[in-house]
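Before any comments, here is the structure.
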Ligand SMILES: [Zn+2]
């Protein structure tokens, strides 16, 4: 059972402590406490408090940082996030591919949704920023690139002069990745799940001490894949900021 808990603005230590205290009043070994936090909590001055408040919880804590775009797109935030999820034994929750980063660095576990609404949450006052809200096609994770893109945008902006690559995942079976139409969101989700699962299985099959460097090299491969794709399609295509961050150190 997931306990209800509201969004907590950075620095609102009273509210955060009250949420954990209230959850501790509830007994049961099938209870987890999700914490929906502003990314502005990911600053050095908040780190010790967050570690301490998570440690106070008698239930497993699912930590999620909200953003209207990507919550963990800077090296500084990611470094604090890593220390937080590994130091507290928390579960990385709805924080996009950073969940795999957390898993590589020793998090208890991770849950990564397969569409934008599940991959991360948007703070209540913000609006989710879809780059092209008029494009109803599903978001698809481009294999080898760690890059989410709507298939409509793939067809119109990326794979214009060259065909989209095929995908060998269990859903696609060698078909092209830009084929998913508006009515095939479920199939696109299965593809996304298969790709994320491949990353997770690769990480989990390595020894824990080797996972951070393995994850870094997977992210570096994704950067190289962007360069290769840019050359093929004849236009620059940048890797997402978080992937550059994963590949960084
Ligand atoms: Zn696929």
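The values are calculated or read from the model by the stated rules, or taken from the named source; none is laboratory data. Computed from a predicted structure; not experimentally measured. So basically every Cβ, Gly included, is an ideal-geometry build from the backbone, and we count neighbours across all protein chains shown.
Quick notes on this structure:
- Just one of the listed residues (170, 179) is assigned to a loop (DSSP other than H, G, I, E, B), in contact with a helix residue (DSSP H, G or I) (Cβ under 6 Å, 6 or more places away or on another chain) and at pLDDT 90 or above, namely 170.
- Yes/no for residue 72 being within 26 Å of residue 244 (Cβ to Cβ), outside the structural domain of residue 219 (by TED's automatic domain parsing) and in a helix (DSSP H, G or I): no
- Only one of the numbered conditions (1) away from the ligand (no atom under 16 Å from the Cβ); (2) exposed (fewer than 13 other Cβ atoms within 10 Å of the Cβ) is violated by residue 173, and that is (1).
Residues are listed down the side, and each one gets a yes or a no for (1) within 24 Å of residue 104 (Cβ to Cβ); (2) without any contact (Cβ under 8 Å) to a residue 24 or more places away in the chain:
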position: 153; (1), (2): no, yes
position: 162; (1), (2): no, no
position: 167; (1), (2): yes, no
position: 174; (1), (2): no, yes
position: 187; (1), (2): no, yes
position: 195; (1), (2): yes, no
position: 201; (1), (2): yes, yes
position: 221; (1), (2): yes, no
position: 245; (1), (2): yes, no
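- Summed over the stretch 127-154, residues that are surrounded by fewer than 17 Cβ atoms within 10 Å (Cβ to Cβ) and at pLDDT 95 or above total 0.
- Unique residue being within 20 Å of the chain's Cα centre (by Cα) and within 16 Å of the ligand (Cβ to nearest atom) when the list is 221, 197, 178: 197
- Residues that are within 15 Å of the ligand (Cβ to nearest atom) and at negative phi within the stretch 140-158 comprise 140, 141, 142, 143, 145, 147, 148, 149, 151, 154, listed in sequence order.
- Test: residue 226 is in a helix (DSSP H, G or I), more than 16 Å from the ligand (Cβ to nearest atom), in contact (Cβ under 8 Å) with a residue 12 or more places away in the chain and in contact with a strand residue (DSSP E or B) (Cβ under 8 Å, 6 or more places away or on another chain): yes
- Residue 191 fulfils the conditions (1) over 12 Å from residue 141 (Cα atoms); (2) out of contact with any helix residue (DSSP H, G or I) (no Cβ under 7 Å at 6 or more places or on another chain); (3) surrounded by 17 or more Cβ atoms within 10 Å (Cβ to Cβ) except for a single criterion, (1).
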